[in-house]
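Notes to accompany the following structure.
The values are calculated or read from the model by the stated rules, or taken from the named source; none is laboratory data. All values reported here derive from a predicted model rather than from experimental measurement. Glycine also receives a Cβ, built like all others from the backbone with ideal geometry; neighbour counts cover every protein chain displayed. SASA here: full protein model, heavy atoms, side chains in, ligands and nucleic acids out. Shrake-Rupley method; radii C 1.70, N 1.55, O 1.52, S 1.80 Å.
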Amino acid sequence: VITVELKGPPKKVVRRASRRKVEQRSTANSGAFREGTADLRGDTSPYRDYLLQVRRKIEQLWSYPPQAIAAQEEGNAEIRFTIDANGSLSGYDVITTSGSAVLDQGALAVVKAAAPYAPLPAEYNLSRLHITATFSYRMGD
């Protein structure tokens with residue numbers, strides 16, 4: 001059994017960091033350029049509906065890299081990616097490595113392959129949205 005599970009970072013850490021980042025950016029920007037930050041789980045995020053669309057798109061494409069299966073590699077790769085207002089992917093990076101370059105690259109590759117994403121809803125009034133997601137790769141018995 002191979003499990004590929006997409007989950008958000010630990011809630012209490014992300015919630016505090018996300019709120020600070022959104023508040024700092026909201027006050028630092030003069031309204032012309034606004035950024036938001038959320039975790040892909042988005043359970044309590046104001047961007048919940050949009051994040052669900054992004055998550056579904058990624059999950060449709062995501063798979064366990066065959067090379068990692070052969071090497072029996074497991075791990076959690078935490079990825080941060082940025083979607084511009086028009087839905088284009090403007091950046092992506094590994095925040096916390098899984099310990100496997102193959103798994104890390106697999107997570108980055110699916111984020112890139114899922115682009116472009118839907119445009120950010122106008123009511124968000126954002127120029128870009130930074131999203132953090134944890135890609136959990138597990139092999140079972």
I want to check the label-to-label distance for R138 and A113. Put each point 7 Å from Cα in the C-beta direction and report it in nm to one decimal.
2.2 nm
Apply the Karplus curve 6.51 cos²θ - 1.76 cosθ + 1.60, θ = phi - 60°, to the phi angles in region 126-139 and return the couplings in whole Hz, x for Gly and Pro.
10, 7, 7, 10, 8, 10, 10, 9, 10, 9, 9, 10, 9, 10
With r defined as the distance between the Cβ atoms of D49 and S90 and R0 fixed at 25 Å, what FRET efficiency is calculated, to the nearest 0.05?
0.75
Along region 82-88, what does the Karplus equation 6.51 cos²θ - 1.76 cosθ + 1.60 (θ = phi - 60°) give for ³J(HN,Hα), rounded to whole Hz, x for Gly and Pro?
10, 10, 7, 4, 7, x, 6
With a 1.4 Å probe and all protein chains kept in place, how much accessible area does Y124 have, in Å² rounded to the nearest 10?
30 Å²
